[in-house]
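One structure is given below, encoded as C-alpha cells.
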Amino acid sequence: QPLRTLLQGIHAITDKDFTVKFIPTGRFEMDQLIGVYNRMIDSLRAERKMQEEQHLFLEKLINTSPTGIIILDFDHQITSVNPRALGLLGLKEKDLVRKPLHAISHPILKDLQTLTPGESRTVSISGKESYKCQMSSFIDRGFPRFFMMIEEMSAEILMAEKKAYGKVIRMMAHEV
C-alpha cells in the first residue's frame, strides 16, 4: 500500500497533475512523507497558478500595447505578432507566424533582420513614414529569445515640425 501510494504521487508529478493529495495513514513515517508531498503539491499548484496569471497579464499587455511587438522562437521564426504590429506592417497574422524574418518581404522587417539585441534604429519608408525599430531579448527556459518593437514616429515628427514652424512664425511676427 505505501509503495503504491508513493508511485501514484510520482505519476501525478510526472504528469504535472498537482491536484492529487494524500490522506495520512496513521503510520508516523508514512504520514511525514505524505505531509511533505502534500505541501510540495500545494506549492507547485500555487506556482503554476501564479505563472498562468502572469502569462495572461503579459499577453493582454502585449496585445494592447501602442507599440508593435514581434516575438521570435528559439529558431528565430515569428511566434506571435500583436495587433499594433500587424497594423503598422499592413500584414495579416497568417502571413507572419511560423515564418523566419528573412522569408517576409517587407521594408521594415528587412531592416529588423540586421538589428542586434539592444540596438535600435529609425527606418524610413518612401521618405514619408518613419519607424523606430528595436530588438531586445528575454530568457525563456534558460535560452535567449528575441522580440522586436516597432513604433511609428511619423506623427511625432509632424507634431515636432508643427511646433518648430509655429515658433518660427511667432518669432517672425514679433520681429515684424
**OP:** Report yes if some residue within the stretch 69-78 is under 19 Å from the mean Cα position of the chain (by Cα), part of a helix (DSSP H, G or I), within 28 Å of residue 58 (Cα to Cα) and touching a residue at least 60 places away in the same chain (Cβ under 8 Å); otherwise report no.
**Re:** no
**OP:** Scan the stretch 79-98 residue by residue and report those that are surrounded by 13 or more Cβ atoms within 10 Å (Cβ to Cβ) and under 17 Å from the mean Cα position of the chain (by Cα).
**Re:** 79, 80, 81, 82, 83, 84, 85, 86, 93, 96, 97
**OP:** Only residues in the stretch 90-109 that are more than 14 Å from residue 80 (Cβ to Cβ) count as the first member; pair them with residues that are open to solvent by less than 70 Å² (accessible area, probe 1.4 Å) and among the aliphatic types (A, V, I, L, M), Cβ under 6 angstrom, at least 6 apart or cross-chain, and list the lot.
**Re:** 106/89; 107/125; 108/123; 109/101
Subject >> Enumeration of residues in the stretch 69-78 that are in contact with a Lys or Arg (Cβ under 8 Å, 6 or more places away or on another chain) and surrounded by 14 or more Cβ atoms within 10 Å (Cβ to Cβ) >> reply: 69, 71, 72, 73, 77, 78
Original post:
So which residues in the stretch 101-120 are more than 16 Å from residue 151 (Cα to Cα), open to solvent by 30 Å² or more (accessible area, probe 1.4 Å) and not in a helix (DSSP H, G or I)?
Top reply: 105, 114, 116, 117
Original post:
Scanning the stretch 110-145 for residues that are touching an Asp or Glu at 6+ places or on another chain (Cβ under 8 Å) and in contact (Cβ under 8 Å) with a residue 40 or more places away in the chain, which turns out nearest to residue 67 (Cα to Cα)?
Top reply: 131
Original post:
Within the stretch 123-142, is even one residue at pLDDT below 90 and in contact with a Cys (Cβ under 7 Å, 6 or more places away or on another chain)?
Top reply: yes
**OP:** Filter the stretch 139-148 for residues that are within 18 Å of residue 77 (Cβ to Cβ) and in a strand (DSSP E or B) and give the result.
**Re:** 140, 143, 144, 145, 146, 147, 148
Original post:
In the stretch 44-68, which residues are open to solvent by less than 80 Å² (accessible area, probe 1.4 Å) and outside any helix (DSSP H, G or I)?
Top reply: 65, 67, 68
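Quick one: in the stretch 17-43, which of the residues that are of a type in the set (A, V, I, L, M) and surrounded by 14 or more Cβ atoms within 10 Å (Cβ to Cβ) is farthest from residue 85 (Cα to Cα)? Please lay out each step first, then the result.
Going through the stretch 17-43, the residues of a type in the set (A, V, I, L, M) turn out to be 20, 23, 30, 33-34, 36, 40-41.
In the following step, the residues that additionally are surrounded by 14 or more Cβ atoms within 10 Å (Cβ to Cβ) were identified as 20, 30, 33-34, 41.
On the way: 20: 43, 30: 56, 33: 52, 34: 51, 41: 40 Å.
My answer is 30.
The values are calculated or read from the model by the stated rules, or taken from the named source; none is laboratory data. Only a predicted model underlies this, so the values are computations on that prediction, with no experimental measurement involved. Note that each Cβ is placed from the backbone with ideal geometry, even for glycine, and that neighbours are counted across all protein chains shown. SASA here: full protein model, heavy atoms, side chains in, ligands and nucleic acids out. Shrake-Rupley method; radii C 1.70, N 1.55, O 1.52, S 1.80 Å.
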